[in-house]
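Asks: Provided herewith is a single structure, encoded as structure tokens, for subsequent inquiry.
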Amino acid sequence: MTHRILVVDDDDALREMVGLVLSASGYAPVFASDGLSAVDVFKAQNPDLVLLDIMLPGQSGIEVCKSIRALSGVPIVMLTAKGDTDDVVAGLEAGADDYVVKPHNGAELIARIRARLRPISDEAITVQIGSLTLDPKTFEVKRGSHQLSLTPLEFKLLHTLAAKPQQVFSREMLLEQVWGYQYKADTRLVNVHVQRLRSKIEEDPENPKIVMTVRGHGYRAGSEIQ
Amino acid sequence: MISLFRRSLTARAVLTTVVLGGISVAIIGSFLSYSLANSFYQNRLSQVLTETERAVDSVQTTIAASSLTDETALQTLLNSVVPSLEIVGGSAPRQVALLRSPGQGQLQLFQSPISQNLDLRSIPDQLRQEVRNAPGRLTYTPVSLSEEQSDVPGITVGTPIAIPIAGDFELYLVYSLSAEQRALELVQNALAIGGLFLLALIAAASFFVTRRVVAPVEEAAEAAREISEGKLDKRLPETGQDIIATLASSFNKMAKSLQTQIERLDALSRMQRRFVSDVSHELRTPMTTIKLAGEVLFSNRSKLEPALSRSAELLQDQIERFDRLLSDLLEISRYDAGAIVPEFEVHDVKAVASAAIKSIEPLAKDRNTTLHLIAPEASVRAEIDARRIERLLRNLLSNAIEHGGGKDVTVEVGENLQAVAICVTDRGVGMNRNELERVFDRFWRADPARQRSVGGTGLGLAISKEDSALHRGWLQVWSKPKVGTSFRLTLPKTKDEVIANSPLPLPPRGLES
């Protein structure tokens, strides 16, 4: 199956070039050149992944990210300028899964896309954590009969932690196992996503019972009851 | 005290004025006192001479009128002369002596009559001689009299007087000048008090005048200090139209032009930094496209004919170089803009050094260079931005490999209580003094003639310097031509600590000779 990828960038040449690179790697690119049309194209094309430039005329990339997130849990990879630290954090908080710094090369871009489109392993089993049940076949998280909506990345993050309860995962381990980074990457990815995950699954996100912080080391899945 | 005079212009000015004023007052006072004394004396003298003349006349008249026949009558007459001329007490007492000139036959029973309290020392012999040699005239001399246990000035006037039968006599009148002396002392006291008062007045006046002049100067000095510390909008108050006001207005003009200049330069420099940052930023999007396009061409070069294929290779190399340059430019422009936010965390510096070595290993292998890590057994922990320090070490290593001529490169890690240090040393061509001075300059290259293949941007060490400064650390270099080069990075163990000395020596052990 060919994955459809929405490329949102205001630079015509770059958009076309990214399209060429994606096509060469076997993806089917669709395009939007500004923030306003991006959401429409998203609704019309229903892509499997969104490549989103943060600096967009009209509606900013952050806003587009929020709009798409409101519609779907589809993986969103931001394109940012290096050093725009605030933009990176704002984008992640708006729901982006990962980011690539411009100017990037093709291999880097494809690696990020592959990691985000990689399905969760077939061997993954249904796990229980506290009052939550995670079913990797359907990407469903249930608290009793009540279903919680997580993005695939959030699901993967929670599943990774929950599969080995009580084991402490460092941020670097999570970057490798959840995001698929082979080398050192930005640990803020983990921090921001843990916050987002907690806000969805914890009854009191300020006082987490499921995803616990282990100071100075990382995170572990605790049990809500017991 | 001396230092006060050296420091305080006011103290110096007041002291000088008081000393000069004191000398003037003393001179004027002495002159006044002298001329007063003189005029008192002259007045009294003429009075005294008149009185004496009258007294002598009356004595001569008395003697002439009496018909002296025997010594007893003479003695009686003479005895009556003294009391008749004497003035006892009062403000101007007069004493009298009638002395017989020496060198005459002795008179029987005769006594020279003198005033009761008269001390004959007030009639000096020299005067008597002069009197005897000046018949018919008055001769006088100033003398010192004892009066109530103190010496007062006086005048002794004498004249020869001939008395029938008895022979030659000398009549002396001794006048006291105690009244004049008292008056003079009174005036002198008044002069002294007035002089002291005048001196105090001079001191006060000079103090106030000096303050008035010095205070604005001190204010100007203070303002200049503040301006030099960066308070460019500091100004002096401009009041009046005198020289002080001129000083203030000139000072303010200077400060204003300085401020304008600095602000202009500041704005220019901000604009320039902004420009570099904007240009670099704007270059990113086209750079991304070019990079992607270049890669596509490069990865498909086997499908191209040889000239096109080679072009694709060259294109790819130069795009990579351009990319590195752009990213370094961006980094340095962020430093220039003060937009760097370091992420300090406690890390094992040894591990960071190992990571840097590992990442540069392919280049080292390519250049047949062996990398050695010398480090303590235990971990060496410090609060650092590990990403930046690793980049810094990678840069030092890449330089060492490039200039090391294939000889071994050593990375030494050390620590003391406050600091950690990492020393990267090569044994290659080294640098001379001129080259050393410029080694951290932007876009400066050690040897422009030599072919570069590692592909540094010329910004590496400039960024490294900024990175170390961000950690409040030191990045120092030692080099000797044909011996080698050593860069030593010293970082405080906690980000707020100040380093006093480095745990590792520079030049490193074994390289100095």
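Coordinate-derived values only; no laboratory data. Because the structure is a prediction, the values reported are computed rather than measured. Quick reminder, even Gly has a Cβ in these numbers, built from the backbone with ideal geometry, and neighbours come from all protein chains shown.
Asks: Please give the per residue volume of the convex hull enclosing the alpha carbon atoms of the protein assembly as shown, rounded to a whole number of Å³. Walk me through the numbers on the way to the answer.
Replies: Details: hull volume 275.5 nm³, N = 739.
Convex hull volume per residue, Cα atoms: 373 Å³.
Asks: Evaluate peptide A:13-21: per residue, the Cβ atoms of other protein chains within 10 Å of its Cβ; return the mean as an integer. Numbers along the way, then the final one.
Replies: Working: counts 7, 9, 1, 3, 8, 3, 0, 3, 4.
Across A:13-21, the average partner-chain Cβ count within 10 Å equals 4.
Asks: What percent antiparallel are the DSSP beta bridges of region A:1-127, to the nearest 5?
Replies: Details: 0 of 18 bridges.
About 0 percent, rounded to the nearest 5.
Asks: Let me ask another. Anything in chain B that counts as a DSSP H helix reaching 18 Å or more along its axis (C-alpha) with Kyte-Doolittle mean of at least 0.5? List them, would you?
Replies: Once both thresholds are applied, what remains is B:9-65, B:71-85, B:178-228.
Asks: Normalised by the residues of chain B, what does the relative contact order come to in percent, with Cα pairs under 8 Å and at least six apart? Before the final figure, lay out each step's value.
Replies: Details: 694 pairs, mean separation 47.2, N = 513.
Relative contact order, chain B: 9 percent.
Asks: Per residue of chain B, what 222 nm ellipticity follows from adding -39500 (n - 2.57) for every DSSP H run with n ≥ 4, rounded to the nearest 500? Could you put the intermediate results ahead of the total?
Replies: Details: 11 runs with 277 residues, N = 513.
For chain B, the value works out to -19000 deg cm²/dmol.
Asks: Any chance you could give the angle, 0 to 90 degrees and rounded to 10, that helix A:152-163 forms with the longest Cα principal axis of chain A?
Replies: 30
Asks: Residues of B:279-290, mean number of Cβ from any other protein chain within 10 Å of their own Cβ, rounded to a whole number? Walk me through the intermediate numbers first.
Replies: Values: counts 0, 3, 6, 0, 1, 11, 11, 4, 4, 15, 11, 4.
Rounded to a whole number, the mean comes out at 6.
Asks: When DSSP assigns beta bridges and you keep just the ones with both residues in the protein assembly as shown, what percent turn out antiparallel, to the nearest 5? Each step should come with its number before you reach the end.
Replies: Working: 69 of 91 bridges.
Of those bridges, close to 75 percent are antiparallel.
Asks: Assign one of three labels to region A:4-117, namely rounded, prolate or oblate, based on the Cα gyration tensor with a ≥ b ≥ c the square roots of its eigenvalues; rounded applies when a/c is under 1.5, prolate when it is not and a/b is larger than b/c, and oblate otherwise. Could you put the intermediate results ahead of the total?
Replies: Values: a/c = 1.31, a/b = 1.10, b/c = 1.19.
Rounded, since a/c falls under 1.5.
Asks: Local charge sum around B:Leu145 (other residues, Cβ-Cβ under 13 Å, Lys/Arg +1, Asp/Glu -1)?
Replies: Working: positive: B:Arg94, B:Arg121; negative: B:Asp119, B:Glu147, B:Glu148, B:Asp151, B:Glu180.
Taking every Cβ under 13 Å from that of B:Leu145, the sum is -3.
Asks: If you don't mind, another one. Tell me, B:Ser302, B:Ser464, B:Ser311, B:Ser486 in order of fewest to most beta-carbon neighbours within 10 Å?
Replies: Values: B:Ser302 7, B:Ser464 23, B:Ser311 13, B:Ser486 27.
Fewest to most other Cβ atoms nearby, the residues stand as B:Ser302, B:Ser311, B:Ser464, B:Ser486.
Asks: Now for a separate question. How much net charge surrounds B:Asp336 when only the other residues with a Cβ under 12 Å from the Cβ of B:Asp336 are counted, with Lys and Arg +1 and Asp and Glu -1? Mind dumping the intermediate values first?
Replies: On the way: positive: B:Arg270, B:Arg273, B:Arg274, B:Arg334, B:Arg442; negative: B:Glu331, B:Glu466.
Spelling it out: positives minus negatives among the neighbours equals +3.
Asks: Just tell me how shielded A:101-110 is by partners: mean number of partner chain Cβ atoms within 10 Å of each residue's Cβ, no decimals.
Replies: Values: counts 3, 7, 15, 6, 8, 8, 2, 1, 2, 0.
Whole-number average of other-chain Cβ neighbours for A:101-110 is 5.
Asks: Please report, in debye to the nearest 20, how large the charge dipole of chain B is about its Cα centre when each Lys and Arg carries +1 at its beta carbon and each Asp and Glu carries -1 there.
Replies: On the way: 57 positive and 60 negative charges, 567 e Å.
Dipole of chain B, to the nearest 20 debye: 2720 debye.
Asks: Now for a separate question. Quick one: B:Asp441, A:Asp86, fewest Cβ neighbours within 10 Å first, how do they rank? Write down the numbers at each step before the final one.
Replies: Working: B:Asp441 13, A:Asp86 9.
Final ranking by Cβ density, sparse to dense: A:Asp86, B:Asp441.
Asks: Starting from the Cα gyration tensor of region A:144-186, take the square roots of the eigenvalues, sort them a ≥ b ≥ c, and report rounded, prolate or oblate (rounded when a/c is under 1.5, otherwise prolate if a/b is larger than b/c, else oblate).
Replies: Details: a/c = 3.68, a/b = 1.70, b/c = 2.16.
Oblate.
Asks: Sort out for me the Cα centre separation of region B:276-320 from region B:1-68, rounded to whole Å.
Replies: The distance from the Cα centre of region B:276-320 to that of region B:1-68 comes to 111 Å.
Asks: Got a sec? Charge dipole of region B:146-230, +1 on Cβ for Lys and Arg, -1 for Asp and Glu; which of B:Val152, B:Ala224, B:Gly194 is way out at the positive end?
Replies: The Cα lying farthest towards the positive end belongs to B:Ala224.
Asks: Here's another thing I want to ask about it. Counting DSSP beta bridges with both partners in chain A, what percentage is antiparallel, nearest 5? Please report the intermediate quantities before stating the final value.
Replies: Values: 16 of 34 bridges.
Rounded to the nearest five, the antiparallel share is 45 percent.
Asks: Between B:Lys256 and B:Ser80, 0.36 nm times their residue separation minus their Cα-Cα distance comes to what?
Replies: Details: separation 176, 0.36 × 176 = 63.36 nm, distance 10.08 nm.
Working it through step by step, the gained length comes to 53.3 nm.
Asks: Ranked by Cβ crowding within 10 angstrom, fewest neighbours first, how are A:Met78, A:Met55 ordered? All intermediate terms of the calculation are to be shown ahead of the outcome.
Replies: Values: A:Met78 25, A:Met55 18.
Fewest-to-most ranking of A:Met78, A:Met55: A:Met55, A:Met78.
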